[in-house]
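**Q** For reference, the structure I am asking about is given below.
The values are calculated or read from the model by the stated rules, or taken from the named source; none is laboratory data. Predicted model only: the values in this text are computed from it and were never measured. Cβ placement follows ideal geometry from the backbone for every residue including glycine, while neighbour counts extend to all protein chains displayed.
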Amino acid sequence: MEERLRKMSRTRLAMTPTPLLSSPRLARRLDTSASLFVKADAWTGFGLGGNKVRKLEYELASERLANVTHLITAGGPHSNHCRVTAAAAARLGVKCTLVINGEPESASRGNAFLHRLFGARIVTVAERGQRDSAMAEEVRRIARRGGKARIVPLGASTPRGALGYVRALLELQDQIDGSPAWVFVPSSSGGTMAGLALGCAISGWRPRLVAVSADDPAPQIKDAVTTLAAGAAELLAPDSPALAERARRVAEAVVFTDAFVGAGYGRPTRESEEATHLFATAAGLVLDPFYTSKAAAAMVSWVRANRLEGIERVVFLHTGGHPALFR
Ligand SMILES: *Cc1c(COP(=O)(O)O)cnc(C)c1O
């Protein structure tokens with residue numbers, strides 16, 4: 001299967017492997033004898049990095065862009081996915097339209113600033129529910145002018161995009177020698193966790209995966225992850241229903257929690273603020289208010305409550321999002 005993954009075409013954007021940072025001071029501050037690690041996917045580099053870069057490598061594989069003149073995608077005013085898609089469009093020499101639900105507090109700050117800096121056309125809609133029809137309308141507008149648009153689905157969380165996190169899982173397994181571990185993952189549209197689950201199904205490594213929601217109810221994320229993991233397996237190995245079944249089982253065994261969302265998406269909680277302070281002062285690492293600070297709060301709570309069940313290694317997947325700190 002790893003050979004098949006190598007043969008799937010992708011556009012190289014990410015700086016990989018990203019480092020696995022041993023973080024002994026973080027462990028000391030949490031008063032745990034476990035070894036804590038940060039998998040630094042904030043540092044995938046391109047377009048200011050984060051998890052969307054690995055997913056877009058597969059979504060934007062060159063044969064999928066034949067004759068394409070425009071990329072279209074959607075997200076909130078501080079979407080990291082929109083930022084990296086706009087940067088990729090610039091690098092690939094195509095135009096980009098971003099359908100953004102809601103106005104940013106300031107268009108000259110954070111990701112809202114970067115969306116514009118990378119040259120994207122911004123179409124604003126009032127509600128999340130209006131994004132799909134606005135994207136479809138944009139496809140028609142571009143076609144009328146003789147162009148050809150490709151829609152990149154929300155968060156690049158497609159079976160193809162998830163392959164980026166199959167690679168990441170294999171990378172991590174190598175870096176940690178396949179040892180038993182907990183792996184905490186900020187989750188929303190589910191592509192990241194789906195890729196990790198399929199990676200486990202392929203490699204046989206079985207870390208304890210925890211998906212920490214940034215917004216949606218846990219059962220909704222679980223559904224998305226399970227479907228995407230099986231879909232990615234079918235894409236990679238259409239002749240192996242056993243792999244899809246294995247991926248589905250790994251996905252169903254993930255711990256999904258929405259207990260750290262607090263008052264809502266991007267709204268800080270006492271725990272997320274404490275985790276942000278902890279990572280900054282004990283590891284020199286910047287967390288973001290939407291995703292990583294909530295997942296770090298979950299990790300801190302797990303370690304403090306001694307829920308590690310004798311497993312000595314804890315990995316925090318840092319999925320990026322720094323620009324939102326400067327919104
Ligand atoms: C998009 C995003 C996530 C969520 O990843 P999914 O694959 O959508 O679950 C997590 N962290 C950051 C920083 C993100 O931008």
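**Q** For the range 243-256, which residues satisfy the criterion of being under 14 Å from Ala295 (Cα atoms) and surrounded by fewer than 20 Cβ atoms within 10 Å (Cβ to Cβ)?
**A** From the range 243-256, those under 14 Å from Ala295 (Cα atoms) are 255-256; that's our starting set.
Residue satisfying the conditions is Val255 alone.
**Q** Do we have any residue at all in the range 212-223 that's assigned to a helix (DSSP H, G or I), of a type outside the set (Ser, Thr, Tyr) and buried (at least 19 other Cβ atoms within 10 Å of the Cβ)? I'd like the intermediate steps shown before the answer.
**A** Taking the range 212-223 as the starting set, the residues that turn out to be assigned to a helix (DSSP H, G or I) are 218-223.
Remaining after also requiring of a type outside the set (Ser, Thr, Tyr): 218-223.
If we keep only those that are buried (at least 19 other Cβ atoms within 10 Å of the Cβ) too, we end up with 221-222.
Scanning the range 212-223 turns up at least one residue that is assigned to a helix (DSSP H, G or I), of a type outside the set (Ser, Thr, Tyr) and buried (at least 19 other Cβ atoms within 10 Å of the Cβ).
**Q** Related question: What are the residues in the range 273-308 that are in a loop (DSSP other than H, G, I, E, B) and surrounded by fewer than 20 Cβ atoms within 10 Å (Cβ to Cβ), if any? Show your work before the answer.
**A** To start, the set of residues in the range 273-308 that are in a loop (DSSP other than H, G, I, E, B) comprises 284-291, 305-308.
Listed by number, the residues that qualify are Gly284, Val286, Ala305, Asn306, Arg307, Leu308.
**Q** Quick check, is Glu63 more than 30 Å from Arg131 (Cβ to Cβ), away from the ligand (no atom under 16 Å from the Cβ), free of Cβ contacts under 8 Å to residues at least 60 places away in the same chain and out of contact with any helix residue (DSSP H, G or I) (no Cβ under 9 Å at 6 or more places or on another chain)?
**A** Values: more than 30 Å from Arg131 (Cβ to Cβ): no; away from the ligand (no atom under 16 Å from the Cβ): yes; free of Cβ contacts under 8 Å to residues at least 60 places away in the same chain: yes; out of contact with any helix residue (DSSP H, G or I) (no Cβ under 9 Å at 6 or more places or on another chain): yes.
So Glu63 does not fit the description; no.
**Q** Another question, if that's okay. Only one residue in Val225, Val152 is of a type in the set (Val, Ile, Thr) and farther than 30 Å from Asn67 by Cα. Which one?
**A** Numbers: Val152 fails: farther than 30 Å from Asn67 by Cα.
When all the criteria are applied, what remains is Val225.
**Q** Exactly one condition in (1) buried (at least 24 other Cβ atoms within 10 Å of the Cβ); (2) small (Gly, Ala, Ser); (3) free of Cβ contacts under 8 Å to residues at least 24 places away in the same chain is false for Ala201; which is it?
**A** (3)
**Q** If only one of Ala120, Ala107 is over 15 Å from Leu317 (Cα atoms), surrounded by 24 or more Cβ atoms within 10 Å (Cβ to Cβ) and of a type outside the set (S, T, N, Q), which one is it? Lay out the reasoning, then the answer.
**A** Working: Ala107 fails: surrounded by 24 or more Cβ atoms within 10 Å (Cβ to Cβ).
Answer to the check: Ala120.
**Q** Can you tell which of Val99, Val84, Val94 is over 21 Å from Leu13 (Cα atoms) and either within 16 Å of the ligand (Cβ to nearest atom) or β-branched (Val, Ile, Thr) (or both)? Don't jump to the end; show me each part of the working.
**A** Details: Val84 fails: over 21 Å from Leu13 (Cα atoms); Val94 fails: over 21 Å from Leu13 (Cα atoms).
One residue alone meets the criteria, Val99.
**Q** Restricting to the range 153-195, count the residues that are within 8 Å of the ligand (Cβ to nearest atom), within 19 Å of Trp43 (Cβ to Cβ) and outside any helix (DSSP H, G or I).
**A** Residues that pass the stated criteria total 2.
**Q** I need the full set of residues from the range 6-23 which are more than 19 Å from Ser293 (Cα to Cα) and surrounded by fewer than 19 Cβ atoms within 10 Å (Cβ to Cβ), in order please. Reasoning before the result, please.
**A** Within the range 6-23, the first condition is being more than 19 Å from Ser293 (Cα to Cα), and the residues that meet it are 6-19.
Residues satisfying the conditions are Arg6, Lys7, Met8, Ser9, Thr11, Arg12, Met15, Thr16, Pro17, Pro19.
**Q** Quick check on Gly266: is it assigned to a loop (DSSP other than H, G, I, E, B) and modelled with pLDDT under 95? Working first, answer last.
**A** On the way: assigned to a loop (DSSP other than H, G, I, E, B): yes; modelled with pLDDT under 95: yes.
Judged against the criteria, Gly266 is a match.
**Q** Right, another one. So, Leu48, is that one on the phi > 0 side of the Ramachandran plot, crowded, with 18+ Cβ neighbours inside 10 Å and among the hydrophobic types (A, V, I, L, M, F, W, C) or not? Let's see the steps before the verdict.
**A** Working: on the phi > 0 side of the Ramachandran plot: yes; crowded, with 18+ Cβ neighbours inside 10 Å: yes; among the hydrophobic types (A, V, I, L, M, F, W, C): yes.
When the stated conditions are applied, Leu48 passes them.
**Q** Sticking with this structure for a sec: Quick check on the range 82-89. Is at least one of its residues surrounded by fewer than 16 Cβ atoms within 10 Å (Cβ to Cβ) and over 15 Å from Gly155 (Cβ atoms)? Let's see the steps before the verdict.
**A** Going residue by residue through the range 82-89, those that are surrounded by fewer than 16 Cβ atoms within 10 Å (Cβ to Cβ) are none.
Scanning the range 82-89 turns up no residue that is surrounded by fewer than 16 Cβ atoms within 10 Å (Cβ to Cβ) and over 15 Å from Gly155 (Cβ atoms).
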